[in-house]
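The values are calculated or read from the model by the stated rules, or taken from the named source; none is laboratory data. Only a predicted model underlies this, so the values are computations on that prediction, with no experimental measurement involved. Cβ sites come from the backbone with ideal geometry, for glycine too, and all protein chains shown count toward neighbours. Ligands, DNA and RNA are stripped out before the accessible areas are found, and what is left, the full protein with its side chains, is counted by its heavy atoms. Shrake-Rupley method; radii C 1.70, N 1.55, O 1.52, S 1.80 Å.
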Amino acid sequence: MATTTTKPPSNHTALGRVLIIGGCGFLGHHVVSLLLRDWQAQISVIDLRCERNRRPASDGVSYHEADITDADNLLKLFGKIQPDVVIHTASPPAQGGSAVSDALFQKVNVEGTRAVVAACRGAGVKALVFTSSASIMSDNKNDLVNANETWPVIRGKEQTEYYSETKAAAEELVLAANRAEDGAGLLTVSIRPAGIFGEGDVQNVYHLVNIYKQGRTNVQVGNNENLFDFTYVENIAHAHLLAARALLVTSQSQTTPLDYERVDGEAFIVTNGEPVYFWDYARAIWAAAGSDKGTAHVWTLGREMGMVLGLMSELVFAALQKPPTFNRQRIAYSCMTRYYDITKARRRLGYKPLVSLSDGVRKTVKWTLEAQQEAVGGKL
Amino acid sequence: MVSAKSAIYYAFHPNQLRSMIQWKVWHEPVHTRDQSKEAPTLTSCFHFLNLTSRSFAAVIQELNSDMLVPIALFYLVLRGLDTIEDDMTIDADTKEPLLRDFYKNMRTEGWTFNGNGPMEKDRELLIHFDVVVAELQKLKKGYYDIIEDITIKMGNGMADYALGAEHKDGIETIAQYEEYCHYVAGLVGEGLTRLFVEGNYANPALMDRMELTESMGQFLQKTNIVRDVHEDFLDKRRFWPKAIWSKYVDKWEDIFEPKNRTLALQCSSEMVLNALKHADECLFYMAGIREQSVFNFVAIPQSMAIATLELVFQNPKIFDSHIKITKGDACQLMIESTQNLRVVCDTFRRYARRIAKKNDPRDPHYLEISSACGKIEQFIETLFPSQDPKKVALVQDAKKDEDKMDPWEGFILIGAAILVLLLVSGLMIGVAWAFGARFDAMFDKTWTQPSVLPDPSTPTTMASVTHGEL
């Protein structure tokens, strides 16, 4: 009990044999690290490729390369590993937009998840924790103000992001498998993180650090009164493990839990619980990356003006046949209020963020700068 | 009365003047003291209240008749204690028993005290304290017991503090800082909450959540401590905890050095952040108040505090002068604090956003301050949600239905409308025909003439047409 100060009260609880699907990915490898640090478990990882984010052999994690969309192979592998808990984090990165990645989203997120659920049933898994996304509740136009799990999931034509559509479909599959009659006692839960960032992330913070390096910190779109949730990856990993523990406890107990305390079959929004004004987050990253500028140099653009410029950028880049660096959806996001109420996760999972937002930003920016340095060094 | 300087100021700040006039003209106290029914001792008590308190006297005197006297007396008793504690001409050995036993004086008919130094500003109150004692004896027992209990706790706290060796070097840790704020403000809050609940003017649930009451006091006291830093420095006092300022300067007096302004501002930001953390609990507390005059009484100082925090935030003036919110802003805040919780929440959100706008990315606590402001906004959303999940779902469903309707349902709708139109006209024509209308004659003529005329047989067709159109 004497390594770090940020440990959850639940530390070193035994979780049995835990399999992390996508365990070499951004979120997945943080789940592995946290398991090693705070819990007792026999850890296995399935990923498409297992070279990156791989733990040293001394940690005793067993790695298996497999494609989750190959259902037969997956079932065989599950039979070998015999997991008690499966944590399914695998998904292609959210940014896409072309038809190719749409097909990939459908294949990995929906068909892959269907295969994972089938393998869990086939191998007698007790608990399945699925990484969903809070974006399934957003139509990418309207605000989400302090939204909780009672807000509707946006599907079909109203859901303009295909990634979110497939995540929603996958969540539905996972939750429908909870206590299913033929499910051999499988319990499932879905975690919906919002605005994930952290070490190993090559989207969110990476992109913002580049904006700073290119000296483009002087524009703000909108009035910056819109609150946004960003979540440090370790906190999300923590929520997954708390959910896994809750499912194991439920599966061992004789009685079904009461409605207001149940975890199985439920979805949980997970954030840092610290919504901040959208541009404040960007500026905190720039400051951590070394910016010595305040806000005096910032030029504020109205949302409408931003949309016009976004459209122009889209048209110009379409003419050049390149993906636009800057588009209307990005402008819309930067002006949108999108934050959540995580009372349900706090009450039922006992979730409390392990790392504050500002500490998370500092750690992530440090990592990003080092990673970029290494990349430059590698090229030289 | 109005100086040229202020005339110019208001000429350029008409909103300030407007708020002041609005408050003076339109503010109607929920309750006013009925002086005709007061005993002479009570009138004296109010005289001393007006003498000793600048800000509280007015709000206290607008309290409902049941809360008015207990709270006024509670204030005077604490002011009496404070006058003894503050007086540096009284030596420690005399002071300690005076503070610890002060509650006994509350029961001693005719008790007065003239041992204060000549410069002590509220010495008059203690010289005539017998009027307070006389009125205290008339209080309902429930109210009296609460006042006595807090007096004991505060007297002991002050005695410990005045004599305690550990405080000789001033406040060190954040825990000591909060303990100090507890003794000077948290305890007053405790007494007030108990009085409100005793009189059934507040939700008794507040008694189970005393941390909310504590936050009310901490928020006010911490705000004053940040604002008064320079004034206290001149008086050779310091309340900013060493645990905070030592991160920025080595010696306390260095914080006032103009060359250290940036560091001093960063230090003050951390102090503001520390105070801001209580704001959401203050709103929560106010949601538990059940009566308008009590609500005004608790809300006015809180709104003033959030506005003061905004004023002192990122403001270098606090290190060389004493700054205050303007009279116009104060009037505006009083107008807003005497309505309801929703309006007070709007005030808090407005100032939270202003604080966020002044926030400087180079400040070490930049993101924490942003999230403290976000926390206030999020809490207000839990009290008064701006989105309703049921409505969001309904809007989504409606959109889906629209999608399904298109295009077939549209055609069917138009078809149905045309059908009804034909049916109705058919009926009307049929009825007209049954009653003997000569359609055959009409059609015969219309085919040969451009319009239907009153008398189709008239040869002057063209002229009729032109007139007909007029």
Nearest-5 percent of antiparallel DSSP beta bridges in the protein assembly as shown? 10 percent
Residues listed by number, segment A:42-71, amide nitrogen under 13 Å from residue A:371 label point at 7 Å toward C-beta: A:52-54
Given axes a ≥ b ≥ c from the Cα gyration tensor, I'd like to know whether segment A:204-351 is rounded (a/c under 1.5), prolate (a/b larger than b/c) or oblate. prolate
If every alpha-carbon in segment B:1-56 counts as one equal scatterer, what log10 I(q)/I(0) does Debye give at q = 0.13, 0.17, 0.24 1/Å? -0.60, -0.80, -0.98
Asserting the computed 222 nm helical MRE of the protein assembly as shown (DSSP H runs at least 4 long, -39500 (n - 2.57) per run, divided by residue count, to nearest 500) equals -17000 deg cm²/dmol
Accessible area per residue, 1.4 Å probe, Å², for the protein assembly as shown: what's the number? 49 Å²
Placing +1 at every Lys and Arg Cβ and -1 at every Asp and Glu Cβ, with all other atoms neutral, what dipole size does the protein assembly as shown have around its Cα centre, in debye to the nearest 20? 1480 debye
Give me the Å³ per residue figure for the convex hull around the C-alpha atoms of segment B:31-164. 100 Å³
Other protein chain Cβ atoms within 10 Å, averaged over every residue that makes up A:288-296: 3
Using Stokes-Einstein with the Kirkwood hydrodynamic radius over Cα pairs, what translational diffusion coefficient do you get for chain A at 10 °C and a viscosity of 1.306 mPa s, in µm²/s rounded to a whole number? 73 µm²/s
Can you give the convex hull volume of the alpha carbon atoms of the protein assembly as shown per residue, in Å³? 334 Å³
Packing-wise, with mean Cβ within 10 Å as the measure, how do A:270-276, B:114-120 rank, highest first? A:270-276, B:114-120
Restricting everything to alpha-carbon atoms, can you work out Rg to Rh for segment A:111-263 with a Kirkwood hydrodynamic radius? 1.04
Suppose the chain between residue B:243 and residue B:439 were pulled fully straight at 0.36 nm per residue; how much longer would it get relative to their current alpha carbon spacing? 60.3 nm
Using modelled backbone amide H atoms (1.01 Å from N, in-plane), which distant-in-sequence or interchain residues come within less than 5 Å of residue A:270's amide H? A:192, A:194
Which whole-number percent gives the relative contact order of segment A:280-380, counting Cα pairs below 8 Å spaced six or more residues apart? 32 percent
Among A:42-52, A:354-364, the order from most to least packed when residues are scored by Cβ within 10 Å on average: A:354-364, A:42-52
Return the carbon/sulfur percentage of the accessible area of chain A, one whole number, probe 1.4 Å, all protein chains in place. 53 percent
Pairwise FRET efficiency - residue B:109 versus residue A:207, Cβ, R0 = 45 Å, nearest 0.05: 0.05
Using only protein heavy atoms and a 1.4 Å probe, how much accessible area in total is buried between B and A, to the nearest 100 Å²? 2600 Å²
Positive-end residue, the protein assembly as shown charge dipole about Cα centroid, Cβ charges, pick of A:361, B:322, B:307: A:361
Calculated P(r) tail over 20 Å for segment B:193-385, as whole % of Cα pairs: 55 percent
Residue A:102/residue B:290 FRET efficiency (R0 35 Å; Cβ-Cβ; nearest 0.05): 0.05
To make sure I understand the rule: partners must be aspartates and glutamates, Cα under 20 Å from the Cα of residue B:138, and not fewer than 8 residues away in the same chain. Which ones qualify? B:34, B:38, B:66, B:109, B:130, B:148, B:149, B:198
If the cut-off is 21 Å between C-alpha atoms, which lysines fall inside it for residue A:366, apart from same-chain ones fewer than 8 positions away? A:213, A:293, A:379
Sorted peptide list for A:345-352, A:316-323, criterion being average Cβ within 10 angstrom, highest first: A:345-352, A:316-323
Pop a pseudo-label 7 angstrom from the Cα along the beta-carbon direction at both residue B:9 and residue A:67 and give the gap in nm to one decimal. 7.6 nm
Percent relative contact order for segment B:105-169, counting Cα pairs under 8 Å at least six residues apart, stands at 28 percent
Please report the accessible area of residue A:104 (heavy atoms, 1.4 Å probe, ligands and nucleic acids excluded) in Å², nearest 10. 80 Å²
Grab every C-alpha pair in chain B, bin the distances at 10 angstrom width from 0 up to the longest one, and report whole percents. 4, 15, 22, 21, 11, 4, 4, 5, 5, 5, 3, 1, 0
Compute the Cα gyration tensor for segment B:308-399, then decide on rounded, prolate or oblate, letting a ≥ b ≥ c be the square roots of its eigenvalues: rounded whenever a/c is under 1.5, prolate when a/b is larger than b/c in the other cases, and oblate in all that remain. oblate
What residue among B:144, B:31, B:163 has its Cα farthest toward the positive end of the dipole of segment B:31-164, where the charges are +1 on Lys, Arg and -1 on Asp, Glu, each on the Cβ? B:31
Given R₀ = 51 Å, what would the calculated FRET efficiency be for residue A:251 paired with residue B:145, taking r from the Cβ atoms and rounding to 0.05? 0.40
Over what distance in Å are the Cα centres of segment B:315-382 and segment A:70-87 separated? 55 Å
Let me know the shape class of segment B:312-359, please: from the alpha-carbon gyration tensor, a ≥ b ≥ c as square roots of the eigenvalues, rounded when a/c is under 1.5, otherwise prolate if a/b is greater than b/c, or oblate. oblate
